[in-house]
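The values are calculated or read from the model by the stated rules, or taken from the named source; none is laboratory data. Keep in mind that what you see is a predicted model, and the values were worked out from it rather than measured. Glycine also receives a Cβ, built like all others from the backbone with ideal geometry; neighbour counts cover every protein chain displayed. Heavy atoms of the whole protein, side chains included, go into the accessibility calculation; ligands, DNA and RNA do not. Shrake-Rupley method; radii C 1.70, N 1.55, O 1.52, S 1.80 Å.
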Amino acid sequence: MDRQELETKAREILLTNLRRGIADWNGKYYSFVCPSLRGYPFQWFWDSCFHAIALIHLDHEQAKAELTTLMSGAQPNGFMPHMIFWEMDKQPEFLSRNIVGMTSPNFSATMQPPIIAYAVERVYQATGDQEFLDNALPVLTAFYRWLREARDPDGDGLIAVIQPEEAGTDCSPKYDDILGLEELSNKGFITALRKVYAAYEPMRGDDHRILAADYFHVEDVLVNTIYAMGMRSLARLLGDSPEAAEFNREADKTRDALVEKCWDPGAGAFYDLSGVDEFTVEVVTISSLMPLVLEDLPRPIVETLVEKWLTNPDHFWTPYPLPSVPASSPKFMPGNPHGFIWRGPSWINTNWFLSQGLRRHGYDDVADTIVARSLECIEKSGFREYYNPFTAEGLGARDFGWSTLILDL
Ligand code: GLC
């Protein structure tokens, strides 16, 4: 597929999934791309950031509108929800199949990986729109401060998620033991998740209390890598100012904590920490590689991640890399997961993160191969939610928004 054909197809998807209107519950204008019309009809936080980045290559006004709409959901305390139900008439059907933690009927009480400052930075670089940036900065500053205040109770620079969906990698095997999964299926996952939701019921909305209660308290490597990445973008956007120094300091702190607390030299991988007592979750998944995204990761760690895991055919170097779980894992499920996602197939968003990271560390050839294989997946199977890492078979949702990130690769 040549560039033009790819752009045409991506545009078709983004335009088809485009939702515009005035919300009847808050009177605000919205204009955003939903991940997929069937299954994901609302605005999702990190999906929206990926859509905006893809839209930079197609339509600058829509790229700005996507993020402006997302930021219009920010709350007075700085919190930004993981899902906003702009079109409430679609909610009953969705909630009949899914569970969402809520304190408001119109948006979730949970977060998602905080990539937004990076997305704003990219859209600002592409458009040079100062007003867009000026409107964004207070929202971003409040959001990243909220993350620190609400989600880092031990002040170590690592923020914690309270549910697996907050990390964006919902059913990843790294959460199996924490959740006490009794059956390895989507049904088993939902059953275990419902127990967490029930425990949260009396404290929903009070994140300090929830984290102290210690039901699901994960300092997640993927989330914290993206947190550090976001704060670096924010610091650049803030120019020469005390706030920029604040966020650079915090990004350093997060990077140092990842290296000091999550890096396991024996395994040669990064592991999440679980609970107030910070037990190491010794399960390698795609998030174990994510710190490669950070440009200032120590070189020996970079080399170990790339050589031991990423480019090793026993682990992540499958014909269509990078699988969400290494092929060597007993829990690796490369085929159709029937909703039990993030347990094998390759996703375009993690390929987008990691190919950028690899380039930053001088591995252009490896990045080029990941990009070429991602493109092959799309050529063979269309813009799907994820792909079989051996065959490139398309799986999950069709016409899936963030797979258009290929334009940015
Ligand atoms: C799934 C994914 C999550 C994504 C959402 C919408 O829940 O795990 O990362 O944001 O779908 O696409």
| Checklist (1) within 14 Å of the ligand (Cβ to nearest atom); (2) at pLDDT below 95; (3) among the aliphatic types (A, V, I, L, M) applied to L15, failing item | (1)
| note | Going through region 122-148 in order, the residues found to be open to solvent by 70 Å² or more (accessible area, probe 1.4 Å) and touching a residue at least 24 places away in the same chain (Cβ under 8 Å) are N135, R145
| request: Looking only at region 181-194, decide whether some residue is at positive phi and not in a helix (DSSP H, G or I). | output: no
| message | Of everything in region 257-274, what is within 21 Å of the chain's Cα centre (by Cα) and either among the charged types (D, E, K, R) or more than 23 Å from F316 (Cα to Cα) (or both)? Give them in sequence order. | response | A257, D272, S274
| Of the residues that sit in region 203-223 and are open to solvent by 50 Å² or more (accessible area, probe 1.4 Å) and in a helix (DSSP H, G or I), which one is nearest to Y175 (Cα to Cα)? | A212
| task | Please work out if R398 is away from the ligand (no atom under 16 Å from the Cβ) and either among the basic types (K, R) or outside any helix (DSSP H, G or I) (or both). | result | no
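Rundown of residues vs (1) touching a residue at least 12 places away in the same chain (Cβ under 8 Å); (2) open to solvent by 10 Å² or more (accessible area, probe 1.4 Å), yes/no style:
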{"residue": "T225", "(1), (2)": "yes, no"}
{"residue": "D240", "(1), (2)": "no, yes"}
{"residue": "E260", "(1), (2)": "no, yes"}
{"residue": "Y271", "(1), (2)": "yes, yes"}
{"residue": "P300", "(1), (2)": "no, yes"}
| query | Any idea which residue in region 185-202 is most open to solvent (accessible area, probe 1.4 Å), counting only those that are within 23 Å of the chain's Cα centre (by Cα) and β-branched (V, I, T)? | reply | I190
| Residues (more than 16 Å from the ligand (Cβ to nearest atom) and in contact with a helix residue (DSSP H, G or I) (Cβ under 6 Å, 6 or more places away or on another chain)) located in region 379-392 | A392
| said: Can you say whether K331 is over 21 Å from the mean Cα position of the chain (by Cα), away from the ligand (no atom under 16 Å from the Cβ), surrounded by fewer than 21 Cβ atoms within 10 Å (Cβ to Cβ) and within 24 Å of A397 (Cβ to Cβ), as far as the supplied structure shows? | reply: yes
